[in-house]
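The values are calculated or read from the model by the stated rules, or taken from the named source; none is laboratory data. Here the structure is a predicted model, which is why all the values come from computation and not from measurement. Virtual Cβ from ideal backbone geometry, glycine too; neighbours counted across all protein chains shown. For the accessible areas, the whole protein counts, side chains as well, though only heavy atoms, and no ligand, DNA or RNA atoms are used. Shrake-Rupley method; radii C 1.70, N 1.55, O 1.52, S 1.80 Å.
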Amino acid sequence: MSIKIENLWHIYNEGTPMAITALQDISLDIQDGECIGIIGRTGSGKSTLIQHFNGLLLATQGRVSVDGVDLREKKSDRRRIRQKIGLVFQYPEYQLFEETIEKDIAFAPKKMGLTDDEVDERVREAMRMVGLDHDMYRKRSPFELSGGQMRRVAIAGVLAMNPSMLVLDEPTAGLDPEGRADILQQVQRMRDEAGITVAFVSHSMDEIAQLVDTVIVMDQGKIALHGSVREIFLQVETLQSLGLGIPQITALMHLLKQRGMGVSTEAVTVDEAKEAILSLKRGCSHV
Ligand code: ADP
Ligand code: MG
């Protein structure tokens, strides 16, 4: 699934005294198979932007096309595109409502007009992908689960539509560290197994560093920075001026360098940092 955004503006309540310009002149390409991270302060426009990916919101000005189709032009295509680009809202577990997990996950595929067998297969596969045992959980109420498990059910409900792209709005917000790690791992798995295109909104630099290929940093409705994870996290001062940090491990490497250790500060994951420190030690032992 590829998305092309050209000079996109979004104004809420346009033409009223309550008008709010949430997006200003955004241009962005997302390639098929890419995993893009979206970061930025609260109110910077992240949630507004991602709702343009599948036509849930329409451009006030500018153009969004999905696989070459202009979202404003073809109304009939928007339904298909909403199934192809699955959007997981923030705190999606609040939208669970059926009495069993199975029924909840089956809701969207049923509405798509699939046969009972096909729906059943979709439910099994979606539960497998989020790591919930089908036989153990399918008849249980989603409301008996832990927060992290409820969220996995909600994500499974979107996966059951068999999307080619998954858009997740702060999917780890409010979870404990274990729940967060779980969700990250599931998203990673969906990428590896299904080759799905992913857009991932997060507050956490550490999560972004672990998961994504490219990053955009949003600020007051604009794209302030856009590049590879490494390019973005090298810009420590700009990030700080935007009210954002850098991954903890990158911060640690900066600290080591300040303390006189000749390490590279480019590491954005623990593994890279380990490698940088080890290579330094190896360097020393030759002296
Ligand atoms: P983020 O997800 O980065 O926190 P949002 O996209 O939710 O940012 O919000 C961007 C701006 O648009 C904010 O000023 C917010 O108050 C405003 N906004 C968001 N949703 C609505 C809405 N439904 N109606 C009016 N204003 C909104
Ligand atoms: Mg938001």
Yeah, the range 103-160 with a ≥ b ≥ c from its alpha-carbon gyration tensor (a/c under 1.5 is rounded, else prolate when a/b outruns b/c, oblate otherwise) is prolate
Given bins 10 angstrom wide, list per bin the percent of all Cα-Cα distances in the range 139-286, short to long. 10, 33, 31, 18, 7, 1, 0
Would you work out if the range 11-113 is rounded, prolate or oblate? Take a ≥ b ≥ c from the square roots of the eigenvalues of the alpha-carbon gyration tensor; rounded if a/c is under 1.5, else prolate when a/b is larger than b/c, oblate otherwise. prolate
Whole-percent pair-distance distribution, where bins are 5 Å wide, for the alpha carbons of the range 156-241: 3, 12, 23, 23, 18, 13, 5, 2, 0
So how far, in whole Å, is the C-alpha centre of the range 51-122 from the one of the range 132-173? 15
Please compute, over every Cα-Cα pair in the range 76-127, the percentage with a separation greater than 14 angstrom. 60
Determine one quarter of the surface area of the Cα convex hull of the chain, which equals its mean projected area, and express it in nm² to one decimal. 18.0
Give the calculated FRET efficiency between ASP133 and THR100 to the nearest 0.05, with a Förster radius of 22 Å applied to their Cβ-Cβ distance. 0.95
With Cβ to Cβ distances under 11 Å as the rule, what net charge do the other residues near VAL212 carry (K, R +1; D, E -1)? -2
Longer than 23 Å from Cα to Cα, which of LYS46/LYS84; LYS4/LYS111; LYS46/LYS111; LYS4/LYS46; LYS4/LYS74; LYS4/LYS84 are they? Say none if no pair is. LYS4/LYS111; LYS46/LYS111
Ellipticity estimate at 222 nm from DSSP helix runs (n ≥ 4, -39,500 (n - 2.57)) divided over the chain, nearest 500: -12500 deg cm²/dmol
Excluding ligands and nucleic acids, what accessible area in Å² is computed for GLU266 using a 1.4 Å probe, to the nearest 10? 90
Please give me the summed charge of the neighbours of SER2: other residues whose Cβ is under 11 Å from its Cβ, Lys and Arg +1, Asp and Glu -1. -3
Test of understanding: what is the full-extension gain from GLU118 to LYS4, defined as 0.36 nm times their sequence separation minus their Cα-Cα distance? 37.8 nm
Distance in nm between label sites at ALA19 and GLU266, each 7 Å beyond Cα in the beta-carbon direction? 4.7
Shape call for the range 72-193 from the C-alpha gyration tensor, a ≥ b ≥ c root eigenvalues: rounded (a/c under 1.5), prolate (a/b greater than b/c) or oblate? oblate
Carbon and sulfur: what percent of the range 68-176's accessible surface (1.4 Å probe)? 46
